[in-house]
């Protein structure tokens with residue numbers, strides 16, 4: 001699970017689906033945008049300290065977690081450029097928001113589409129902004145302006 005806010009001090013609850021289940025940690029990230037849209041993050045070796053507690057008789061269909069503190073201070077100092085995707089399909093809305101940001105960064109910053117895509121994955125946040133007005137669901141990609149200062 002590549003989740004930016006799952007970090008030091010978090011408490012992660014995982015379903016245990018088999019007796020004697022094992023646990024492993026994959027790649028650790030120094031930076032990653034919410035959504036990690038192209039599989040690019042800043043990979044970083046880390047020392048990780050973990051403790052485990054088995055909580056029985058607590059059915060859990062999917063993982064959940066608690067954060068150790070605020071999660072909104074991610075590059076917020078100078079605001080964001082935001083692109084959106086709107087329509088009946090949230091996945092297509094996400095694609096449209098990301099594509100719009102790639103086009104915007106490429107034209108504004110003179111970088112290649114591949115570089116813009118990788119930057120989106122490292123430091124932009126993909127958010128579901130609205131699901132109440134079906135079929136006009138809104139997905140937004142927030143790119144922090146401070147990155148190019």
Exercise. Give me the Kirkwood hydrodynamic radius of segment 1-58, using the inverse of the mean 1/r over all pairs of distinct Cα atoms, in Å to one decimal.
Key: 13.6
Quiz prompt | Potential lengthening between residue 106 and residue 132 on full extension [0.36 nm per residue; Cα-Cα distance subtracted] | solution = 6.2 nm
Quiz item: How far is helix 90-109 tilted, in degrees, relative to the longest principal axis of the Cα atoms in the chain, given as a value from 0 to 90 rounded to the nearest 10?
Solution: 50
Practice problem: Please express the shape of the chain as an equivalent ellipsoid: the semi-axes are the square roots of 5 times the eigenvalues of the C-alpha gyration tensor, given largest first in whole angstrom. | Solution: 31, 20, 14
Quiz item: Roughly speaking, what is the stretch gain from residue 65 to residue 38, that is 0.36 nm per residue apart minus the C-alpha to C-alpha distance, in nm to one decimal?
Solution: 7.4 nm
Quiz item: Rounded to two decimals, what ratio of Rg to Rh does segment 76-148 give with C-alpha atoms and a Kirkwood Rh?
Solution: 1.00
Exercise. Name the residue, out of 55, 102, 86, whose mean-square fluctuation peaks in a Gaussian network model built on the chain with Cα pairs under 10 Å.
Key: 55
Practice problem: Would you order 145, 78, 56 from fewest to most other beta-carbon atoms within 10 Å of each residue's own beta-carbon? | Solution: 56, 78, 145
Quiz item: Going by how many other beta carbons lie within 10 Å of each one, how would you line up 143, 148, 62, fewest first?
Solution: 62, 148, 143
Quiz item: Once the Cα atoms of helix 113-123 and of the chain are each reduced to a long axis, what angle between those two axes, in degrees from 0 to 90 to the nearest 10, is obtained?
Solution: 40
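Here, each number is a calculation from the coordinates, and none is a lab measurement. Just so you know, these numbers come straight off a predicted model, no measurement behind them. With ideal geometry, Cβ positions are generated from the backbone for all residues, glycine too; neighbour counts draw on all protein chains shown.
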